[in-house]
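*Asks:* For reference, the structure I am asking about is given below.
Nothing in this text is a laboratory measurement; each read-out follows from the coordinates by a stated rule. Small disclaimer: the values here were computed from a predicted structure and weren't measured. Backbone-built Cβ (ideal geometry, glycine too); neighbour counts: all protein chains shown.
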């Protein structure tokens, strides 16, 4: 699914899905359903190709989608998919769902923090990191943990566009830069 919509167009679909899901009080259900659909579509390029095919009339696509999904997803999710197909946006489905997921997190007051550590975090470290990040951000923090032995020790935390480098490697790089500046200044 390589086609990309402009940011505002993709956001428009995502906002509409969020609003109708919240109004119907089934946001969790719709979120799970569209994520499952996005995953399935990413594994089935032939299905995406069929749904994007301009020579196949929408009525045929609608009939097949209803036959395939009508009793397994909510009417909101079904109608959302039909709208995406009708407006020839199926190739941008995963982009729309990424934006929808971000909007859902904002709506819930959540943020994702990527934590990169040299070794896996212990339960106590994880709890302390979440607590501290929640205090700093004022939001519920969801951790996305990665292990990278090259940082030697400590951790790097990325929240949104902010990086907090508490790694030993980062500390050593900062010391090296300070020493380089001292030697450059002393050489003048």
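*Asks:* What area, in nm² and to one decimal, does the C-alpha convex hull of region 7-106 cast on average over all directions?
*Replies:* Average of the hull's projected areas for region 7-106 equals 6.0 nm².
*Asks:* Among DSSP bridges having both ends in region 110-187, what percentage is antiparallel? Round to the nearest 5.
*Replies:* Percentage antiparallel, nearest 5: 55.
*Asks:* Run the numbers on region 110-187 and let me know its relative contact order in percent, using alpha-carbon pairs under 8 Å that are six or more apart.
*Replies:* That works out to 35 percent.
*Asks:* Next question. Principal axis extents for the chain, Cα atoms only, whole Å, descending order, please.
*Replies:* 76, 38, 28
*Asks:* Let me ask something else. Where both residues lie in region 59-182, what percent of DSSP beta bridges are antiparallel, nearest 5?
*Replies:* Just about 55 percent of them are antiparallel.
*Asks:* What distance in nm lies between label points placed 7 Å from Cα along the C-beta direction at residue 68 and residue 145?
*Replies:* Rounded to a tenth, the inter-label distance reads 3.7 nm.
*Asks:* Find the centroid of the Cα atoms in region 86-146 and in region 1-79, then give the distance between the two in whole Å.
*Replies:* So the two Cα centres are separated by 23 Å.
*Asks:* Fully extended, how many nm does the chain gain between residue 29 and residue 152 (0.36 nm per residue separation, minus their Cα-Cα distance)? Walk me through the numbers before you get to the answer.
*Replies:* Numbers: separation 123, 0.36 × 123 = 44.28 nm, distance 4.14 nm.
Gain on extension, residue 29 to residue 152, equals 40.1 nm.
*Asks:* Still on this structure: Calculate for the chain the 222 nm mean residue ellipticity that helices alone would give, adding -39,500 (n - 2.57) per DSSP H run of length 4 or more and normalising by residue count, nearest 500 deg cm²/dmol.
*Replies:* -20500 deg cm²/dmol
*Asks:* Angle between the Cα long axis of helix 27-43 and the longest principal axis of the chain, 0 to 90 degrees, nearest 10?
*Replies:* The two axes meet at around 90 degrees.
*Asks:* Please state, as a whole number in µm²/s, the translational diffusion coefficient that the Stokes-Einstein equation yields for region 63-161 at 25 °C and 0.890 mPa s, with Rh defined as the Kirkwood radius across alpha carbon pairs.
*Replies:* For the chosen part, D equals 149 µm²/s.
*Asks:* Diagonalise the Cα gyration tensor of region 110-187 and give the resulting equivalent ellipsoid semi-axes, square root of 5 times each eigenvalue, largest first, whole Å.
*Replies:* 29, 15, 9
*Asks:* Just want to confirm a number: the relative contact order over the chain, from Cα pairs under 8 angstrom separated by 6+ residues, in percent.
*Replies:* This gives 21 percent for the chain.
*Asks:* If R0 is 25 Å, what FRET efficiency do you get for residue 15 and residue 134 from their C-beta distance, rounded to 0.05?
*Replies:* In this case the efficiency is close to 0.45.
*Asks:* Given the Cα-Cα distance of residue 87 and residue 124 and 0.36 nm per residue of separation, how much length would full extension add, in nm?
*Replies:* 8.4 nm
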